[in-house]
1. For the chain, what does -39500 (n - 2.57) per DSSP helix run (n ≥ 4), summed and divided by total residues, give at 222 nm, in deg cm²/dmol to the nearest 500?
2. Taking the chain as the reference, fit the longest principal axis to its C-alpha atoms, fit the long axis of helix 17-30 to the helix C-alpha atoms, and give the angle between the two in degrees, 0 to 90, nearest 10.
3. How far, in degrees from 0 to 90, does helix 33-43 lean away from the longest principal axis of the Cα atoms of the chain, to the nearest 10?
4. So, in Å, what gap is there between the alpha-carbon centers of region 112-132 and region 18-82?
5. Taking the Cβ-Cβ separation of residue 27 and residue 85 as r and a Förster radius of 35 Å, what is the calculated FRET efficiency to the nearest 0.05?
6. Which order, highest average first, do 114-126, 40-52 follow once you tally other Cβ atoms within 10 Å for each residue and take the mean per peptide?
7. Could you compute the FRET efficiency for residue 130 and residue 98, with r as their C-beta to C-beta distance and R0 at 30 Å, rounded to 0.05?
8. Mind checking the angle between helix 121-136 and the chain's longest principal axis? C-alpha axes, 0 to 90 degrees, to the nearest 10.
């Protein structure tokens, strides 16, 4: 999901529609509380399903579903046990986490807030009228 944002700089103050859509997809992925619990557990170190299930008291099918979403988003990586491929270990993708952090930080940066530009309402009409009077002089 994050490929469209890689390498983007804060050159502009307004995010494109594509970037807004990308942000929406990211927020959808991380807004689910169970996914945040799983991420928090995996951030503590590499985990398998049974470890997460025991620690979080979550059903295996629910864990698998949410891990699939996190994996598809690129936040979580899997590694199969070389001795028994039935065992799967989950770890954080640090590059994706860093990119997500930058993306969210850039979007929610308070320095992006711009003053209101008057284009409608009584004050705007008054300013437009005053500008027209200056031009006529």
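A short reminder: the numbers here are calculations on the coordinates, not readings from a lab. Keep in mind it's a predicted model, so treat the numbers as computed, not measured. Cβ sites come from the backbone with ideal geometry, for glycine too, and all protein chains shown count toward neighbours.
1. My calculation for the chain gives -18000 deg cm²/dmol from helical runs alone.
2. 40 degrees
3. 70 degrees
4. A separation of 47 Å, based on Cα centres.
5. Values: r = 34 Å, r/R0 = 0.97.
Taking R0 as 35 Å, the efficiency between residue 27 and residue 85 is 0.55.
6. Numbers: 114-126: 9.2, 40-52: 15.0.
Answer by packing, highest mean first, reads 40-52, 114-126.
7. On the way: r = 50 Å, r/R0 = 1.66.
Once the sixth-power term is evaluated, E becomes 0.05.
8. The angle comes out at about 50 degrees.
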